[in-house]
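**Student:** Have a look at the structure that comes next, please.
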Amino acid sequence: MVKDGDPSWKPTFIVKPDSGCQGDGIYLIKDPSDIRLAGTLQSRPAVVQEYICKPLLIDKLKFDIRLYVLLKSLEPLEIYVAKDGLSRFCTEPYQEPHPRNLHHIFMHLTNYSLNIHSGNFVHSDSTSTGSKRTFSSILCRLSSKGVDIKKVWSDIISLVIKTVIALTPELRVFYQSDIPAGRPGPTCFQILGFDILLMKNLKPILLEVNANPSMRIEHEQELSPGVFENVPSLVDEEVKVAVIRDTLRLMDPFKKKRENQSRQLGKPLASKEEPSDSDLASASAGSANPEAHLPSICLKQVFPKYAKQFNYLRLVDRMANLFIRFLGIKGTMKLGPTGFRTFIRNCKLSSSSLSMAAVDILYIDITRRWNSMTMDQRDSGMCLQAFVEAFFYLAQRKFKRLPRHEQVASLIDLCEYHLSLLDEKRLVCGRSATSGGRPPHSGTPQEATPAAQLAEGRPPPCTNGALKLSHSRHALS
């Protein structure tokens, strides 16, 4: 459709089969009609991306970056980025794609598992040469040519944070279905493999995120025909061992216990927060710190460290809070019609122009469309993406004069405000029932004023005790 509208646009596309790995089944096309999987898209869908034709080249070779990211916790969101990564090189000099070279996988695909079979693949004992190098060696080389390395890192960190923020709403829905409520967290973590391409102008482009990145630190070397030996890779060992080691240091469940014991014994502690680069390195070998002999930590916290710059993007996270609250049955990941009606009623979103009958029709239309698009038919109901679409529709109806971002933000504020009043009322009623007293009458004019402000697109004042209670609960839910 885009090509029909703009004949001058002549991109190359890269087709990646779903649930694939190690470059299996990836190919390039010039025209969408060339997709080989057209007949099997239902059984094995594919991701089709515009191919980046102008990558940064080193030694005339295309390369990508594998960067390891630790998702330490979802609530609160904690993200760590490894300070070094892998640079994986193609083994054939790069040329921009044209019909005669689209099938040259060693020129266009950076996958290590493919290029290792090339006769040009170079195993090196150095971290700065060969077909697999450390990312730090590439940065050092770029720095020698006057490139602003801090700007490159800043752009990469921004890319990582934005990507994880986009992932977390759905991850939280999965998380709440598997992890018992009320258990002190974090109860799980994940190491993600970010594959990033630097363009010629040094802008980082996200290629994909690997949920289960390889942590092998050796490769097979053929000693004689048919006889192979596993040989350690210096580059893999330097990067991956540090990531695994420091992930375990950060996730150590006994760390807090040791800190509490040290505090009770009167031993000074540097900080309650995660150890900084120098904290672990500077500890003396004779101290009580069991990590004193280890290198400085290789994982850099980027969130919540830079939360102020990115919190405006977390609107869908707050929508996920609302979605999870009304799921009802533990373990489910889809919202039923009763839960959706309860959401509308508790947040006071129905009106003369939006009857409950219209709400039911909205639920049916959006849910049916999303369920027809997804291959997961295990349970019926409204998935998170469908709920987000319904939320956008409601925001547009409620705050017509505001820009889209403000429409959504205002509706979230309105919902959180009404739910905070409901929580406060239930809390007071519970206390009154326990003490034998009567709950105070709600619905006073003072309570109605902030809601009226929200209806006009203005957020409520934060002086209300109930609102403060709600924010704290939403932060922990």
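**Student:** Using per-residue counts of other Cβ atoms within 10 Å, averaged over each peptide, order 65-72, 340-347 from highest down. All intermediate terms of the calculation are to be shown ahead of the outcome.
**Tutor:** On the way: 65-72: 22.9, 340-347: 18.6.
Descending mean neighbour count gives 65-72, 340-347.
**Student:** Roughly how many Å² is the accessible area per residue of the range 93-176, as a whole number, for a 1.4 Å probe?
**Tutor:** Details: 4190 Å² over 84 residues.
Heavy-atom accessible area per residue stands at 50 Å².
**Student:** If you don't mind, another one. Label points 7 Å out from Cα along the Cβ direction at residue 57 and residue 166: separation in nm?
**Tutor:** Result for the modelled spin labels: 2.9 nm.
**Student:** Check which residues have an amide H placed less than 5 Å from residue 27's amide H, if you skip close sequence neighbours.
**Tutor:** 15
**Student:** Taking 0.36 nm per residue of sequence separation and subtracting the Cα-Cα distance, how much length would be gained by fully extending the chain between residue 128 and residue 432, in nm to one decimal?
**Tutor:** Details: separation 304, 0.36 × 304 = 109.44 nm, distance 7.01 nm.
Residue separation times 0.36 nm, minus the Cα-Cα distance, leaves 102.4 nm.
**Student:** Expected output is a single nm value to one decimal: the length gained when fully extending between residue 248 and residue 371, i.e. 0.36 nm times separation in residues minus the C-alpha distance. What is it? Mind dumping the intermediate values first?
**Tutor:** On the way: separation 123, 0.36 × 123 = 44.28 nm, distance 3.94 nm.
Fully extending the segment from residue 248 to residue 371 adds 40.3 nm.
**Student:** In whole percent, how big is the carbon plus sulfur part of the accessible area of the range 327-375, probe 1.4 Å, protein atoms only? Intermediate results must be reported in sequence, preceding the final value.
**Tutor:** Values: 1680 of 2740 Å².
With neighbouring chains kept in place, the figure for the range 327-375 is 61 percent.
**Student:** Additional query: Quick one: how many Å² of residue 418 are accessible to a 1.4 Å probe, rounded to 10?
**Tutor:** Accessible area of residue 418: about 20 Å².
**Student:** To continue, here is another question. Using only the Cα atoms of the range 205-250, build the gyration tensor, take square roots of its eigenvalues as a ≥ b ≥ c, and label the shape rounded, prolate or oblate: rounded if a/c is under 1.5, else prolate if a/b is larger than b/c, else oblate. Mind showing how you got there, number by number?
**Tutor:** Working: a/c = 3.11, a/b = 1.71, b/c = 1.82.
Verdict is oblate for the range 205-250.
**Student:** Could I ask something else about it? Filter 151/200; 162/203; 308/400; 10/30; 83/300; 83/305 down to the pairs with a C-alpha to C-alpha distance above 18 Å, please.
**Tutor:** On the way: 151/200 15 Å; 162/203 15 Å; 308/400 28 Å; 10/30 8 Å; 83/300 7 Å; 83/305 15 Å.
Pairs exceeding 18 Å: 308/400.
**Student:** If r is the Cβ-Cβ distance from residue 346 to residue 393 and R0 is 22 Å, what FRET efficiency results, to the nearest 0.05? Display every interim value, and only then the final one.
**Tutor:** Numbers: r = 18 Å, r/R0 = 0.83.
Result of the calculation: an efficiency of 0.75.
**Student:** Just to be sure I understand the model, the point goes 7 Å from the Cα along the line to the Cβ. What's the resulting residue 255 to residue 332 distance in nm?
**Tutor:** 3.8
**Student:** So if R0 is 60 Å, what FRET efficiency would residue 221 and residue 354 give, r being the distance between their Cβ atoms, rounded to the nearest 0.05?
**Tutor:** Values: r = 68 Å, r/R0 = 1.13.
Efficiency at R0 = 60 Å is approximately 0.30.
**Student:** For a Förster distance of 35 Å, can you work out the FRET efficiency between the beta-carbons of residue 229 and residue 149, rounded to the nearest 0.05? Mind dumping the intermediate values first?
**Tutor:** Values: r = 38 Å, r/R0 = 1.07.
So the FRET efficiency works out to roughly 0.40.
**Student:** Considering only protein heavy atoms, with the full assembly of protein chains and a 1.4 angstrom probe, order 191, 156 by accessible area, largest first.
**Tutor:** Details: 191 25, 156 0 Å².
So, going from the largest accessible area down, we get 191, 156.
**Student:** Quick one: grab the alpha carbon gyration tensor of the range 316-361, order the square roots of its eigenvalues as a ≥ b ≥ c, and give me rounded if a/c is under 1.5, else prolate or oblate depending on whether a/b is larger than b/c. If you can, show how the numbers build up before the last one.
**Tutor:** Numbers: a/c = 2.60, a/b = 1.70, b/c = 1.53.
Note, shape of the range 316-361 comes out prolate.
**Student:** Would you check the accessible area of residue 9, probe 1.4 Å, heavy atoms only, in square angstrom rounded to 10?
**Tutor:** 70
**Student:** Sequence-distant or interchain residues sharing an amide H contact under 5 Å with residue 207, placed H: which?
**Tutor:** 195, 196, 197
**Student:** In whole percent, how big is the carbon plus sulfur part of the accessible area of the range 98-245, probe 1.4 Å, protein atoms only? Numbers along the way, then the final one.
**Tutor:** Working: 4400 of 7980 Å².
With neighbouring chains kept in place, the figure for the range 98-245 is 55 percent.
The values are calculated or read from the model by the stated rules, or taken from the named source; none is laboratory data. In this text the structure is predicted, and so the values were computed from the model without any measurement. Quick reminder, even Gly has a Cβ in these numbers, built from the backbone with ideal geometry, and neighbours come from all protein chains shown. Just the protein is used for accessible areas: all its heavy atoms, side chains included, with ligands, DNA and RNA removed. Shrake-Rupley method; radii C 1.70, N 1.55, O 1.52, S 1.80 Å.
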